[in-house]
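**Q** I have a structure here, written as structure tokens, and I will follow up with some questions on it.
The values are calculated or read from the model by the stated rules, or taken from the named source; none is laboratory data. Just so it is clear, the structure is predicted and the values come from calculations on it, not from any experiment. Methodologically, a virtual Cβ is constructed for each residue, glycine included, from the backbone with ideal geometry; neighbour enumeration extends over all protein chains shown. With ligands, DNA and RNA removed, areas are computed over all heavy atoms of the protein, side chains included. Shrake-Rupley method; radii C 1.70, N 1.55, O 1.52, S 1.80 Å.
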Amino acid sequence: MALTYAQLVVAVSDYCENTFDTTDMNTMIKQAEQRIYNTVQIANLRKNVTGTLTASNKYLACPDDFLSVYSLAIYPTSGGNYIYLLNKDVNFMRDAYPNPATTGTPKHYAIFGPQSINENELTFIVGPTPNSAYSAELHYYYYPESIVTALTTWLGDNFDSALLYGTLCEAVTYMKGEPDMVKLINERYVQAIALLKNLGDGKQRMDAYRDGQVRIPVS
């Protein structure tokens, strides 16, 4: 069953037999979404962007909505094969490539730190320093737009149980609900998340040709 923002607000209010302030309701929904998106890595949390590494510049800006890397690859702007860079930390980069004037085809990258223009966003550092211009293709994780502003989302359309019980967990906590009710709602949330993990961390990462069909042992 699909669940829109308006339907979610009504459902939470009905379950709790309480009318919440709009600001409080929106906060609870966003907290539930954040918890869900950091519990299960569903394919809908991935995005793909392209950029450019310029010669003699070892830094590459992250997208504004960047959370974490799925993969980073480069290829010559004039055309050529993809080269997937290996993730390292900044200490490794400084030790392996101590002289930024030494250039070559990048092999490694690390999350360097905040951008100089926008301190709220991050920057990649690559090594060695590019010897020419390269196109970069980044697959990364991000937070989709909240149902609070989008009104409909993939999560609400496809896994309304996780969104509903996640929001209810926040709501009963906000209301300082009875322990037995808190326990019941949390159990329902855990069950919904287990089903979502079966999809996001299971079925979306396999197919029947390579992995075979899912089987339950027969006793």
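**Q** Condition first: among the β-branched types (Val, Ile, Thr) and out of contact with any Phe, Trp or Tyr (no Cβ under 8 Å at 6 or more places or on another chain). Now tell me which residues in segment 154-191 satisfy that.
**A** Thr167, Val172, Thr173, Val182, Val190
**Q** For segment 1-113, give me every one of the helices (runs of 4 or more DSSP H) that falls completely inside it and has 3 or more residues that are closer than 23 Å to Val182 by Cβ, open to solvent by 40 Å² or more (accessible area, probe 1.4 Å) and out of contact with any Lys or Arg (no Cβ under 7 Å at 6 or more places or on another chain).
**A** The helices (runs of 4 or more DSSP H) meeting that bar are 5-16, 22-37.
Results for (1) touching a residue at least 12 places away in the same chain (Cβ under 8 Å); (2) assigned to a helix (DSSP H, G or I), shown as yes or no for each residue.
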| site | (1), (2) |
| --- | --- |
| Leu138 | yes, no |
| Leu163 | yes, yes |
| Thr167 | yes, yes |
| Asp180 | no, yes |
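**Q** Could you list, in sequence order, all residues of segment 169-178 that are part of a helix (DSSP H, G or I) and in contact (Cβ under 8 Å) with a residue 40 or more places away in the chain?
**A** Residues of segment 169-178 part of a helix (DSSP H, G or I): 169-174.
Selection gives Cys169, Glu170, Ala171, Val172, Tyr174.
**Q** Let me ask something additional. With open to solvent by less than 30 Å² (accessible area, probe 1.4 Å) and modelled with pLDDT of 90 or more as the only criterion, which of Leu151, Leu196, Leu138 stands out?
**A** Leu138
**Q** For the structure I just gave you, tell me whether Thr39 is out of contact with any Ser or Thr (no Cβ under 7 Å at 6 or more places or on another chain) and modelled with pLDDT under 90. Lay out the reasoning, then the answer.
**A** Numbers: out of contact with any Ser or Thr (no Cβ under 7 Å at 6 or more places or on another chain): yes; modelled with pLDDT under 90: yes.
Yes.
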